[in-house]
1. For the stretch 87-193, which fully contained strands (runs of 3 or more DSSP E) count at least 2 residues that are buried (at least 19 other Cβ atoms within 10 Å of the Cβ) and in the same structural domain as Leu298 (by TED's automatic domain parsing)?
2. Any residue in the stretch 255-267 that is more than 30 Å from Val94 (Cβ to Cβ), of a type in the set (A, V, I, L, M, F, W, C) and free of Cβ contacts under 8 Å to residues at least 24 places away in the same chain?
3. Tell me, which residue of the stretch 208-234 that is surrounded by 18 or more Cβ atoms within 10 Å (Cβ to Cβ) and among the β-branched types (Val, Ile, Thr) is nearest to Arg164 (Cα to Cα)?
4. Yes or no: the stretch 229-240 includes at least one residue that is free of Cβ contacts under 8 Å to residues at least 60 places away in the same chain, touching an Asp or Glu at 6+ places or on another chain (Cβ under 9 Å) and in the same structural domain as Ser308 (by TED's automatic domain parsing).
5. Among (1) among the charged types (D, E, K, R); (2) part of a loop (DSSP other than H, G, I, E, B); (3) over 24 Å from Gln240 (Cβ atoms), there is one condition Arg40 misses while meeting the rest; what is its number?
6. Give the stretch 272-292 a look and list any residue that's outside any strand (DSSP E or B) and hydrophobic (A, V, I, L, M, F, W, C), or say none.
7. Here are the criteria: (1) modelled with pLDDT of 90 or more; (2) within 24 Å of Ala152 (Cα to Cα). Tell me which single one Arg59 does not satisfy.
8. Report whether or not Arg232 is of a type in the set (D, E, K, R) and in contact with a His (Cβ under 9 Å, 6 or more places away or on another chain).
Amino acid sequence: MGKAMQDKTTLLVDEDLEGERLDVFVAERMETLSRSQIKRLIEDGQVWVDGKVRKSSYRVKTGEVVAVEVPQDAPVRLQPENIPLEIIFQDSDVVVFNKPKGLVVHPAHGNWEHTLVNALLYHVKDLSGINGELRPGIVHRLDKDTSGVMVAAKNDMAHRELARQIKAHTIERQYLAVVYGVIKENLGTIEAPIGRSKTDRKKMAVTADGRPAISHYQVLQRFKDYTLVKVRLLTGRTHQIRVHMQYIKHPVVGDRLYTSRKAPPGVSSQLLHAWLLGFNHPRSGEYLEFTAKPPDELSQFLSGLESSERSAVQGMEKELNRWES
């Protein structure tokens, strides 16, 4: 797919990386480049922010377009792959789909195959190029092991409009999560800033100098040792739900990064699913809302909890009847 990376690549700054240094932003978005390469490109005036050359220390803002020109020949050709992908809706502007659990969203260094982008290139023939060759149409992301509803843009107009809605916090995003422990309150709000962890660069954390992050949660069902919650995001920070739930001492079940607890049998990774996505259509302005069925692993885990607790109740009732008789 596409041309060599010697061509100019354009990258739209989304909310997720707002406030990052320019060199950090480019490193996050162009994993094929080393930090030393990025530093040299910025110093040589090969990186622009909205048409202006900026220093490495410049803090990027949501909605800005960063252009990067890599002079050396470094061709990367992404191949369409017939990876199963449930298309929920599509027209000439957008495609809405249910991302499978275990699928990385976009290619990166050493991982050019078997990603969501490879799947999209197979199932969808026209995607916007505003985020460069490696992220065609990608407006927002989900973690590798988080499943659920996503939207991709088929043209630059749609991409910019969806990015504007994300920046304005008008896109509705609701998740289902199974967390450790029993949450007592039926409703709650977690308002705690999130930034990069000071001790582990792979992790995010609640930090005093982090960016604002707000999550609303609602308890849907309580079990003996777990709680099923619906979480509504008002902001879109990296790992936001996982970090916020850990912060209130109820980490997501199966989350290997944010809890040291051993996952229950049958759980391979975090039980987190983006079940609802709502947005205004970029062309018509009509509000659209889509949902996706949770993956089997999450559904089966909940069914097992319900069955186990039902058996426990029946066993207790049987024991009581025996004593009464």
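1. 172-180
2. Scanning the stretch 255-267, I find at least one residue that is more than 30 Å from Val94 (Cβ to Cβ), of a type in the set (A, V, I, L, M, F, W, C) and free of Cβ contacts under 8 Å to residues at least 24 places away in the same chain, so the answer is yes.
3. Val231
4. Taking every residue of the stretch 229-240 in turn, none turns out to be free of Cβ contacts under 8 Å to residues at least 60 places away in the same chain, touching an Asp or Glu at 6+ places or on another chain (Cβ under 9 Å) and in the same structural domain as Ser308 (by TED's automatic domain parsing).
5. Result: Arg40 passes all but (2).
6. Ala292
7. (2)
8. Answer is yes for this residue.
The values are calculated or read from the model by the stated rules, or taken from the named source; none is laboratory data. All figures in this text were calculated on a predicted structure; none of them were measured in a lab. Note: ideal-geometry Cβ built from the backbone for every residue, glycine included; neighbour counts use all protein chains shown.
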